[in-house]
């Protein structure tokens, strides 16, 4: 993991402040039932914001992420709240855990960092193997409309007084993929700004492709909805949610 990602982990929570994590907890409860006592995989858990919310509901949570820096923050967050969570550093397509789990969640387009179709299928297969019979997978991805239209309207700018960024996007090498170049400026206590840069690459697939990949991995599709609402995806939907069962 490069040095810039260390800086990114430190500002991640502040940048994600507008994400309705509580809504994700509600959706997990809708899909799985009461989380109390349930074994959950939080894949792409980042700094553990969602993992902690699941644990507060009584779930036994294992958080998985590729970034050691993100996981260090997640572990410290759980410790500060006296919550017993487990965290593993693994790429999701190489998921290796001791199941069975009652449910698995891949939140906030984390799956879009898996760029190859075969690796997405392998991710689903690894999760399928980790779930008990009847276990649930819930995840969200960028819509193709978002990658192909909305993200192409860059540059985007952000400034909350402490953190500012300029976000430039370019079309990726593969269909429905995007390169993001971000220049961050973080204000120090002395009033001076420190700059660091990030480059991200994400790829999504159309809804039918995800259905095919889930089915190939053995899952049965239960629900597909969009933009945090219990409504079917539309042409201009930005975030697509999938609920599937083993």
When the stretch 96-119 is checked residue by residue, the ones that are assigned to a loop (DSSP other than H, G, I, E, B) and under 15 Å from the mean Cα position of the chain (by Cα) are 107, 108, 109, 114, 115
The condition of being touching a helix residue (DSSP H, G or I) at 6+ places or on another chain (Cβ under 7 Å) and outside any loop (DSSP other than H, G, I, E, B) holds, among 72, 9, only for 9
Conditions (1) in a helix (DSSP H, G or I); (2) touching a residue at least 60 places away in the same chain (Cβ under 8 Å) -> residue 122 fails only (2)
Any chance residue 57 is more than 30 Å from residue 186 (Cα to Cα), surrounded by 18 or more Cβ atoms within 10 Å (Cβ to Cβ), in the same structural domain as residue 81 (by TED's automatic domain parsing) and touching a residue at least 12 places away in the same chain (Cβ under 8 Å)
no
Scanning the stretch 202-246 for residues that are in contact with a helix residue (DSSP H, G or I) (Cβ under 8 Å, 6 or more places away or on another chain) and part of a loop (DSSP other than H, G, I, E, B) gives 204, 205, 206, 218, 219, 228, 233, 235, 236, 237, 238, 246
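The values are calculated or read from the model by the stated rules, or taken from the named source; none is laboratory data. None of the values given here were measured: they were computed from a predicted structure. Please note: Cβ atoms are built from the backbone with ideal geometry, for glycine as well, and neighbour counts cover all protein chains shown.
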